[in-house]
Amino acid sequence: MWRDLAPLGRHAATGGYRRHAWTPADADCRAWFAAQAESRGLAYELDRNGNQWAWLGDPAAGDAVVTGSHLDSVPDGGAFDGPLGVVSSFAALDELRRRGAEFGKPLAVVNFGDEEGARFGLACVGSRLSAGQLTAEQARELRDADGVSLPEAMERAGYDPGAIGPDPERLGRIGAFVELHVEQGRALDLSGDAVGIASAIWPHGRWRFDFRGEANHAGTTRLEDRRDPMLTYANTVLAARKKARLAGALATFGKVAVEPNGVNAIPSLVRGWLDSRAADQETLDRVVAEIEQAAAERGARDGVDVSVVRESFTPVIEFGHALRDELSALLGGKAPVLATGAGHDAGILSGTVPTAMLFVRNPTGVSHSPDETAAEDDCLAGVAALADVLEGLACR
Ligand code: HGY
Ligand code: MN
Ligand code: MN
Ligand code: MN
């Protein structure tokens, strides 16, 4: 169902998906979204930041109930992270129509652009711009690995980046936003539940570590004469794992760039990106500081300069209890409530509109991988739960 409904299959590169912002794969997903809206007679809108909306009812009436997620992916990502939420939103709307629901408020399905930040390095670009958490100036500075700026990428994809920026009027129309998402963990699998409700998103961020050494010949430079940044980087990766383990936090160096990146050349520069997350701010701050210190100490030994830039950060998101409890009641009080370390557009929006999240069981917990999966029955249970929630929030 999910691979058919959202055109993901064509973009499975080396087994995983590469639906990155403003690429042809993204364009296919966007075309799919517009077609889904049109086939249901929903009013389609593309907003100033490239987010897509499919409206039932008049948005100007306000107090809209909005549901949706994202369609883009991480490199070699899976088929469910994002698309499950968008597809389930359309399917839940279909279910409400089957039930003969009478809508007392406008309802919309949304696809937020560039949630994963795979191309430009910042997550939730579409929702951050609309919520005013990323300025147009900051967005214009974003560049991909080929030096293409976000506005250029948008233009090449046929979108006008001229008006990117805060969208308070549109977000002011929203009375409640509910995002359904595949769980990126095994809590529901362990508890034996198909659907859960989010309580919070851990604080998390991305830090860029630059390790600058001295380029030299791999075949003629004595070990004692080297200033090898790869050595410092490798020891920093090991230190990050140790510090995170000791603190009960998470730390991942998942992306690296090496210059000049030649097999027979000692690098001049190794650039490593740290993703770190923890259940509370104090732990996160401490772990990152300890990793920075370990990098600096090892760099001093290796004759390597280390500099660190925090590229993005999201403080802890506590989803409001009122909407969360309303969802719980609408689901009969049986759905477990759980926190997550994964960032979401719902987290970004929660600072602006009442927001809640539903999670669907992931039997292996695996995500950000082609192996991500969810059982059909659980996906359908997610649709039914979302329909119940939307009916309770938007219908007479
Ligand atoms: O990285 C995250 O936490 C999310 O999947 N974008
Ligand atoms: Mn993701
Ligand atoms: Mn996601
Ligand atoms: Mn999300």
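Before moving on, here are some points about what is shown:
- Within segment 202-342: Cβ-based charge dipole about Cα centre, in debye rounded to nearest 20 (Lys, Arg +1; Asp, Glu -1): 340
- Each other residue within a Cβ distance under 14 Å of L338 adds +1 if Lys or Arg and -1 if Asp or Glu, for a net charge of 0.
- Spin-label model, V148/L238: points 7 Å from Cα along the beta carbon direction are separated by 4.0 nm.
- FRET efficiency for the R140 to Y44 pair, using the beta carbon distance and R₀ = 35 Å, is estimated at 0.85.
- Accessible surface of segment 205-313, 1.4 Å probe: 49 percent of it comes from carbon and sulfur atoms.
- Projected label distance in nm at E102 and A35, using a 7 Å step from Cα toward the beta-carbon: 3.6
- Max mean-square fluctuation residue, GNM over the chain, Cα-Cα springs under 10 Å, options L42, L246, L386: L246
- Two-site FRET efficiency, R186 against H321, from Cβ-Cβ distance with R₀ of 30 Å, rounded to 0.05: 0.75
- The order of the peptides 140-153, 201-214 by mean Cβ neighbours within 10 Å, most packed first, is 201-214, 140-153.
- Under conditions of 25 °C and 0.890 mPa s, the chain yields 111 µm² s⁻¹ as its translational diffusion coefficient, taking Rh as the Kirkwood radius over Cα pairs in the Stokes-Einstein equation.
- Dividing the Cα radius of gyration of segment 205-313 by its Kirkwood radius returns 1.02 for Rg/Rh.
- Estimated translational diffusion coefficient (Stokes-Einstein, Kirkwood radius over Cα pairs, 37 °C, 0.692 mPa s) of segment 215-278: 253 µm² per second.
- For segment 24-160, the Kirkwood hydrodynamic radius from C-alpha pairs, put into Stokes-Einstein at 20 °C and a viscosity of 1.002 mPa s, yields a diffusion coefficient of 136 µm² per second.
- For peptides 292-300, 156-164, 353-361, sequence by mean Cβ density within 10 Å, most packed first: 353-361, 292-300, 156-164
- Listed by chain and number, the lysines whose alpha-carbon sits under 22 Å from that of K255, ignoring those within fewer than 8 places in the same chain, are K242, K243.
- Gap separating the Cα centres of segment 150-191 and segment 289-330, nearest whole Å: 21
- Estimated 222 nm signal from helices in the chain, with DSSP H stretches of n ≥ 4 weighted -39500 (n - 2.57), rounded to 500: -10500 deg cm²/dmol
- Taking 7 Å steps out from each Cα toward its Cβ at D76 and A329 produces label points 4.7 nm apart.
- The chain: most fluctuating residue of H70, H181, H217 per GNM, C-alpha cutoff 10 Å: H217
- Cβ-defined net charge surrounding A234, 11 Å radius [Lys, Arg +1; Asp, Glu -1]: -1
- Measuring r between the beta carbons of E155 and D371 and using R0 = 30 Å, the FRET efficiency lands at 0.25.
- Label zone of A257 (point 7 Å out along Cα→Cβ, amide N under 15 Å): in segment 117-140 this covers 118-122.
- Neighbour net charge for C395 - beta-carbon separation under 15 angstrom, K R +1, D E -1: -2
- Normalised per residue, the accessible area of the chain is 41 Å², obtained with a 1.4 Å probe and no contribution from ligands, DNA or RNA.
- Cα lying deepest toward the dipole's positive end in the chain, options W202, V353, L171, charges on Cβ: W202
- Order by protection proxy (mean Cβ within 10 Å, highest first), peptides 332-339, 370-377, 109-116: 109-116, 370-377, 332-339
The values are calculated or read from the model by the stated rules, or taken from the named source; none is laboratory data. All values derive from a computational prediction rather than experimental measurement. In this analysis, Cβ positions are derived from the backbone assuming ideal geometry, glycine residues included, and neighbour counts consider all displayed protein chains. These area figures cover heavy atoms from the full protein model, side chains too; ligands, DNA and RNA do not enter into them. Shrake-Rupley method; radii C 1.70, N 1.55, O 1.52, S 1.80 Å.
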